[in-house]
Amino acid sequence: MLPPQLKEIAMKKILNLLVCCFALWAPQQAAAQKLSGSELQQFQKTEDSLIISADSMYRAYMYEERIDYCHKFVKQLSALLKRENSFSYPFERLGKKIHILYPEDKSFRIFNWTVEYKIAGFRYYGAVQKSEGPVFPLLDMSEKMEDNLLYKPLSNKNWFGCEYYRILTQKGANGQPLYFVFGSNHNGNGYSVKTMDLLGFSGNQVTFGGNYFNTNNRQAQRFMLEYQKGSQVSLNLDSAKNMIIYDRLISEVNQPQRRNTLVPSGQVDGLRWVNFQWQTVEDVVPIMKLKNGQAPVNGVIPNQ
């Protein structure tokens, strides 16, 4: 038997845990409660079918079969998202199979996934669903795009296919929300790409790109890192520093124009939101430079 004091502490910990779990669960449950009982059952049944198709498109032994199952998955998902009140359904189980991302204001969501259609060859798929309005399919054209991609506005019909892993919201000059999406693409010939892009809406299309990137005194429509395939390269938000941090890249053979030779140098740079633009900040994490015979003591270089 626990003493009364320890019992009280244990109960407080359990209650705190339950509160945290409910905080995570409640928003999705509240969304689902907007659906009637029959609607909820229909969505759940279709979600079961989507999960079966998703497993097949990832695991089918023949690559051609993966694409066939993916097309089936696309048709099922498209039909489901066209249903009334579909935005209220949270797709919790499907979210374990594909990426489903929301911005902070929950004004839209991105469904996004990747299929390996040949050895080390990937095709990117996605759809953007607004909370009120249409669903926009994302058509991957990354394998056909030219090298001046940094400076080209794109759309959902001409999309640089990515596997998205974050949506970051910033406030624009007029107070409007700006949505920046982070993604990766591994279809290059010996190189991969990580990108940070602006996602917006214009008429009947989703737009990508905007004049919000001023890196190394060069204006661009988006921020991109091209690097040797298989290298571990970071591009993400650092909340503590309140900026985007990324690995500085260097060519292994001193030929930076060859993207498949670029690897992390060990130095870390950043992007800070200044005057409604992302601007470069170099050496966000300082590197210790030791002379011959020196060694840091408690992180401090002697005689410095």
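The values are calculated or read from the model by the stated rules, or taken from the named source; none is laboratory data. In this text the structure is predicted, and so the values were computed from the model without any measurement. As a convention, Cβ positions derive from the backbone with ideal geometry for all residues, glycine included, and neighbour counts pool all protein chains shown.
Taking the listed residues GLY126, GLY133, GLY210, GLY188, the one that is out of contact with any Asp or Glu (no Cβ under 9 Å at 6 or more places or on another chain) and either part of a strand (DSSP E or B) or surrounded by fewer than 19 Cβ atoms within 10 Å (Cβ to Cβ) (or both) is GLY133, with no other qualifying.
Out of the range 107-121, which residues are out of contact with any helix residue (DSSP H, G or I) (no Cβ under 7 Å at 6 or more places or on another chain) and surrounded by fewer than 14 Cβ atoms within 10 Å (Cβ to Cβ)? ILE119, ALA120, GLY121 - these are the residues of the range 107-121 that are out of contact with any helix residue (DSSP H, G or I) (no Cβ under 7 Å at 6 or more places or on another chain) and surrounded by fewer than 14 Cβ atoms within 10 Å (Cβ to Cβ). When ALA10 is tested against the conditions (1) at pLDDT below 90; (2) under 30 Å from GLU132 (Cβ atoms); (3) hydrophobic (A, V, I, L, M, F, W, C); (4) in contact with a Leu (Cβ under 9 Å, 6 or more places away or on another chain), the lone failure is (2).
Residues in the range 191-207 that are more than 25 Å from VAL281 (Cβ to Cβ), crowded, with 21+ Cβ neighbours inside 10 Å and either aromatic (Phe, Trp, Tyr) or touching a helix residue (DSSP H, G or I) at 6+ places or on another chain (Cβ under 9 Å) (or both): 0 in all. Only residues that are in a loop (DSSP other than H, G, I, E, B), of a type outside the set (Ser, Thr, Tyr) and in contact (Cβ under 8 Å) with a residue 24 or more places away in the chain were counted in the range 231-274, giving 5.
Selection over the range 239-258 of residues that are of a type outside the set (A, V, I, L, M, F, W, C), under 19 Å from ILE287 (Cα atoms) and within 18 Å of the chain's Cα centre (by Cα) gives a count of 2. If you go through the range 63-100 and keep only what is acidic (Asp, Glu) and closer than 14 Å to ILE51 by Cα, you end up with just GLU92. Considering (1) surrounded by 15 or more Cβ atoms within 10 Å (Cβ to Cβ); (2) in contact (Cβ under 8 Å) with a residue 60 or more places away in the chain, the lone condition that ASN216 does not fulfil carries the number (1). Would you be able to say whether some residue in the range 163-184 is touching a Cys at 6+ places or on another chain (Cβ under 7 Å), part of a strand (DSSP E or B), of a type in the set (S, T, N, Q) and surrounded by 17 or more Cβ atoms within 10 Å (Cβ to Cβ)? Yes, the range 163-184 contains a residue that is touching a Cys at 6+ places or on another chain (Cβ under 7 Å), part of a strand (DSSP E or B), of a type in the set (S, T, N, Q) and surrounded by 17 or more Cβ atoms within 10 Å (Cβ to Cβ). Selection of the range 92-106 for residues being free of Cβ contacts under 8 Å to residues at least 60 places away in the same chain and either surrounded by fewer than 16 Cβ atoms within 10 Å (Cβ to Cβ) or in contact with a Lys or Arg (Cβ under 9 Å, 6 or more places away or on another chain) (or both) yields ARG93, GLY95, LYS96, ILE100, LYS106.
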